[in-house]
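Novice: The structure under discussion is supplied below as structure tokens; questions concerning it will follow.
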Amino acid sequence: MSLNEEDIQKIAWLARLEIDQADCSRYAHEVSQVLDLVDELNRINTDNVEAMAHPTDAVQRLREDAVCEENQREKFQAIAPQAEDGLYLVPRVIE
């Protein structure tokens, strides 16, 4: 896909970016190269490729799921500006 300077200016306007007129042709060329690469990647047949979460099949060590602190809700809510029924009350910010 080939972009021109007009396309770059429109994209910049939509993204609220300020781009020098002198740089528009360079940006058009570079963005066009990126879009060509994406198009090339989209043409690759991946039907028989198994999806993977990580390219190295790394396994993350997990800690035991155990409670390591006591419940201190009452203590924290005692010093809160406003609390009710175990919940913190905060001022409404959206009407």
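Novice: Take the solvent-accessible surface of the protein heavy atoms, probe 1.4 Å, and return the percent of it on the chain that carbon and sulfur atoms account for.
Specialist: Its accessible area is 52 percent carbon and sulfur atoms.
Novice: Also, quick follow-up: Build a GNM of the chain with springs between Cα atoms under 10 Å: which of Glu64, Glu40, Glu74 gets the top mean-square fluctuation?
Specialist: It is Glu74.
Novice: Using label points projected 7 Å from each Cα along Cα→Cβ, tell me how many nm separate Thr46 and Asn4, to one decimal.
Specialist: Those two pseudo-labels are separated by 3.3 nm.
Novice: For the chain, what does -39500 (n - 2.57) per DSSP helix run (n ≥ 4), summed and divided by total residues, give at 222 nm, in deg cm²/dmol to the nearest 500?
Specialist: -11500 deg cm²/dmol
Novice: Of the listed values [x] 166; [y] 84; [z] 326, grab the one calculated as volume of the Cα convex hull per residue in Å³ from the structure here.
Specialist: Label [z] holds the value from this structure.
Novice: Solvent-accessible area per residue for the chain at a 1.4 Å probe radius, Å²?
Specialist: Result: 102 Å² of accessible area for each residue.
Novice: Cα axis of helix 24-42 to longest principal axis of the chain: angle in degrees, 0 to 90, nearest 10?
Specialist: With both axes taken from Cα atoms, the answer is about 80 degrees.
Novice: What figure, in Å² to the nearest 10, do you get for the accessible area of Asp57 with a 1.4 Å probe and non-protein molecules left out?
Specialist: Surface accessible to solvent at Asp57 totals approximately 120 Å².
Novice: Ignoring everything but the protein chains, give the 1.4 Å probe accessible area of Met52 in square angstrom, nearest 10.
Specialist: Met52 has an accessible surface of roughly 130 Å² with all protein chains in place.
The values are calculated or read from the model by the stated rules, or taken from the named source; none is laboratory data. Only a predicted model underlies this, so the values are computations on that prediction, with no experimental measurement involved. Neighbour counts are summed over all protein chains in view; Cβ atoms, including those assigned to glycine, are modelled from backbone coordinates with ideal geometry. Side chains included, ligands, DNA and RNA excluded: accessible areas come from the protein's heavy atoms. Shrake-Rupley method; radii C 1.70, N 1.55, O 1.52, S 1.80 Å.
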